[in-house]
Amino acid sequence: EITIVTGVQTCALPISADLVGLVESGAIIESSANANGSFTKFADGTLICRRKERTVKTLNQVSGSLYWGGAEGAKTFPAAFIAAPAIIITASLEVGEAWFTGAASLLLSTATWPNGIVFSQVSRPVQQVAVDYLAIGRWKA
């Protein structure tokens with residue numbers, strides 16, 4: 001039961017399922033983590049996966065007027081999707097700007113984030129690079 005208080009009125013809503021637990025067992029929300037990141041499953045079938053990757057790179061390889069340093073390999077989702085999810089991948093540096101671009105032409109995988117490259121507008125010496133991954137899709141129909 002959930003109690004909702006609005007101004008001077010209170011109402012109790014009966015809940016027939018556990019709020020947090022295994023969604024396959026009737027819970028509304030399941031949240032967990034493993035070596036591939038963290039995820040949250042919702043009873044309506046929504047799945048949100050997250051991953052934070054920290055690495056050291058030297059961004060000094062030239063590509064036109066941009067600089068990059070070593071590709072980021074494809075990463076396994078912490079939980080599987082039933083169809084390709086919407087994906088956002090960002091990159092940041094300890095000093096200066098950077099961005100991530102996917103190396104794959106189509107993002108159709110239900111199991112992995114795409115591989116890609118971190119770019120900068122200027123050559124950068126060895127520094128910390130943070131790549132943050134977010135995928136939102138469905139774990140069930």
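The values are calculated or read from the model by the stated rules, or taken from the named source; none is laboratory data. This is a predicted model, so every value here is computed, not measured. As a convention, Cβ positions derive from the backbone with ideal geometry for all residues, glycine included, and neighbour counts pool all protein chains shown. Keep in mind that these areas ignore ligands, DNA and RNA; they rest on the heavy atoms of the full protein, side chains included. Shrake-Rupley method; radii C 1.70, N 1.55, O 1.52, S 1.80 Å.
Computed quantities for the displayed model
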read-out	value
P(r) tail fraction, the stretch 43-130 - alpha-carbon pairs more than 23 Å apart, %	29
Förster radius 41 Å - calculated FRET efficiency between I82 and Q128, Cβ distance, rounded to 0.05	0.70
Pair D44, A111: separation of 7 Å Cα→Cβ label points (nm)	3.0
Heavy atoms of L108 accessible to a 1.4 Å probe, total area in Å² rounded to 10	120
Selected from G69, I88, L59, residue furthest toward positive end of dipole (the stretch 45-103; charges at beta carbon)	I88
